[in-house]
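Enquirer: Here's a structure for you.
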Amino acid sequence: MSFSNLDLDPRIESLIYVNLELETPTPIQIRAIPRVIKGENIIGLAPTGSGKTFAYLFPIFNWALHAKIHHNDPSVLILVPTRELVKQLEDILSDTAKLIELYYVGIATGKNVNRMKRALKGMVDIVVATPGRLIVALEEGDINLDNISILVIDEIDRLLDMGFQGEIIQILEFLPNRNKYQTLMFGATLPRNVEQLAKTIQSDVKVVDVGRSVMPKGIFHEVYECDEGKKLNTLVKILKLPEIETVLIFTSSHNSARITSRNLESQGLELEEIHGGLTQRQRNIAIQNFKNGDVSVMVSTDLSSRGIDIDDISHIISFEVPREFDDYLHRAGRTARADKEGKSILLVAEKELNNLRGIEKRLGYTILRKQKFEPKAIKKPSKRYPKQTGKRTRSKRRTKERRR
Ligand code: ADP
Ligand code: MG
């Protein structure tokens, strides 16, 4: 199968082969692109790192070449869960959209408001936005969605996880009648609430499923069992392994991301961090430095990393074990992108064994233990003190009652 079989305009093929230097389409691209070109409403399901972005961008570019676009108001709206994803799409569009003579604007918190307003007044075809900030722009009259022809909801499962259902429905109110636009939704999973919302948005939505929620084959998982207090030492030990090239370390809260970052720095390690406690500018710089390879270690929370595409990460380390399999999938999915290989390491304290079991159940096997819990010294019953009896407890309670 090649891109040439997908009914794309020769100008798009040239963009693919010459500018992006891609050779063959990924499974979701093969399945989704022809259906998007036909004008169908779809929900595309495929694992992380499987090329969903181009699965909608290429047919959108293709459409734009033939549509009569007047550039005054956006005709394509792309909703994504996080501002990092807005930035990532802007980066992709900055390499590609101008070749099709398309203009794009990113809308997210943390961006220069005046510049954003100015950009929206100028030529604009594609708007990439987080739902929350888009609603502000709509309420302030900065943007008009009357001419939208294609609506993309990327990472729709994550958007709903993050509680954006209300905002999405609110945004739909600003769009023309739903038979005026095509809807393309993408995700890695299809929980019931996503399916229901998809059907509310477009009743004739077709599911294009190329194996959702499946751990990419090229990822090798390892577990380091360690007491809570020894996690940092274990992490430092792992980071010193010769096999380590680039590492993304995940924590489950931004507090933990901060503390872990400071602790690692105090051990002399250079790193970047992205979490909710930083400004957007700080996060962008961090991602850029990590992407450029200036720094090879980055600490992140699940939210900050969602959907971010960073190539060639050799190792993912979960400093805490996520409760949900899908979160683990998204973490581990940062490595082994586009058919490469990678390793995902979990640091597991005793209280997290339950979460680990949940992950192993979904993987279908027990993950290799590279380090096991230190065997507990067996406590002998002490002979010096007599065993406590119920009598003592009772007398204690009596004393308390008397005091009242
Ligand atoms: P997803 O949204 O499914 O998580 P992305 O769209 O972010 O995945 O793509 C993951 C990576 O794969 C990106 O670096 C992208 O450039 C690359 N990629 C996309 N399509 C192809 C392809 N056909 N061949 C090779 N690499 C691709
Ligand atoms: Mg994506």
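Enquirer: Filter segment 308-325 for residues that are open to solvent by 20 Å² or more (accessible area, probe 1.4 Å) and within 13 Å of ligand 1 (Cβ to nearest atom); which is nearest to His221 (Cα to Cα)?
Expert: By that ranking, first place goes to Asp312.
Enquirer: Conditions: (1) polar (S, T, N, Q); (2) open to solvent by 10 Å² or more (accessible area, probe 1.4 Å); (3) closer than 20 Å to Phe58 by Cα. Thr130 meets all but one. Number of the miss?
Expert: If we test Thr130 against (1) polar (S, T, N, Q); (2) open to solvent by 10 Å² or more (accessible area, probe 1.4 Å); (3) closer than 20 Å to Phe58 by Cα, just (3) comes out false.
Enquirer: Hey, among the residues in segment 37-50 that are open to solvent by 10 Å² or more (accessible area, probe 1.4 Å) and modelled with pLDDT of 95 or more, which one's nearest to ligand 1 (Cβ to nearest atom)? Working first, answer last.
Expert: First, the residues of segment 37-50 that are open to solvent by 10 Å² or more (accessible area, probe 1.4 Å): 37-41, 47-50.
Narrowing further to those that are modelled with pLDDT of 95 or more: 37-41.
Details: Ile37: 16, Lys38: 20, Gly39: 22, Glu40: 19, Asn41: 19 Å.
Only one residue tops the list, namely Ile37.
Enquirer: Let me ask something additional. What's the number of the condition Leu159 fails, among (1) closer than 21 Å to Val36 by Cβ; (2) within 16 Å of ligand 1 (Cβ to nearest atom); (3) outside any helix (DSSP H, G or I)?
Expert: If we test Leu159 against (1) closer than 21 Å to Val36 by Cβ; (2) within 16 Å of ligand 1 (Cβ to nearest atom); (3) outside any helix (DSSP H, G or I), just (3) comes out false.
Enquirer: Could you give me the residue pairs with C-beta distances under 6 Å whose first residue belongs to segment 52-68 and is outside any loop (DSSP other than H, G, I, E, B) and open to solvent by 40 Å² or more (accessible area, probe 1.4 Å), whose second residue is more than 9 Å from ligand 1 (Cβ to nearest atom) and among the charged types (D, E, K, R) wherever it lies, and which are 6+ apart or on separate chains?
Expert: Leu65/Asp9
Enquirer: Still on this structure: So, in segment 133-156, exactly how many residues are of a type in the set (Gly, Ala, Ser) and outside any loop (DSSP other than H, G, I, E, B)?
Expert: Total satisfying the criteria: 1.
The values are calculated or read from the model by the stated rules, or taken from the named source; none is laboratory data. Since the model is a prediction, treat every value here as computed from it, not as a measurement. FYI the Cβ positions are ideal-geometry reconstructions off the backbone, even for glycines, and counts take in every protein chain you see. Side chains included, ligands, DNA and RNA excluded: accessible areas come from the protein's heavy atoms. Shrake-Rupley method; radii C 1.70, N 1.55, O 1.52, S 1.80 Å.
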